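Below: the structure, in structure tokens.
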Amino acid sequence: ESEQRRIIQLYQCLLRAGWISSNTNPEDFLSLFSRRDTNCKIHWIGKKTYLVYLFKLLTDRQYISTPKGVGRWMIVSSHFVDAHGRIFTHLNSQRIPLKAQQTIDQLAELLNAASR
């Protein structure tokens, strides 16, 4: 299965869960994972801990890579904003969201190329 299809699946799941804004452009979401520079901002309307945990899993499991010298929290804070358009801060200090841990784990697995 193509990487692009897996990213679109993740996008659709996040929309259904109500964690990203319904007016999120699928092209913007795809461009986040394209390894190209993008200025898109995704409105994350789910809990901040969910976003942090999802990105932690995606990077720890190496399902996505970050440009050399760029930390994952730098990427998250430059491309995700809250429902009010504000940048997320204190991303490093978030705890694992136990209630949603299994769901987020399954979402992260969508980008696991080896699992298909």
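The values are calculated or read from the model by the stated rules, or taken from the named source; none is laboratory data. Here the structure is a predicted model, which means the values were calculated and not measured. With ligands, DNA and RNA removed, areas are computed over all heavy atoms of the protein, side chains included. Shrake-Rupley method; radii C 1.70, N 1.55, O 1.52, S 1.80 Å.
Using the heavy atoms of the protein chains and a 1.4 angstrom probe, tell me the accessible area per residue for the chain in square angstrom.
Working: 7100 Å² over 116 residues.
Result: 61 Å² per residue.
Report in % the part of the accessible area of the chain that belongs to carbon and sulfur, leaving out ligands and nucleic acids; probe 1.4 Å. List each step's numbers first, then the result.
Working: 3370 of 7100 Å².
Percent of accessible area from carbon and sulfur atoms in the chain: 47.
Considering the convex hull of the alpha carbon atoms of region 7-116, report its projected area averaged over all viewing directions, in nm², one decimal. All intermediate terms of the calculation are to be shown ahead of the outcome.
Numbers: hull surface 26.9 nm².
Answer in nm², one decimal: 6.7.
Taking Lys48 as the anchor, which lysines have their alpha carbon closer than 21 Å to its alpha carbon, excluding any fewer than eight residues away along the same chain?
Partners found: Lys56, Lys99.
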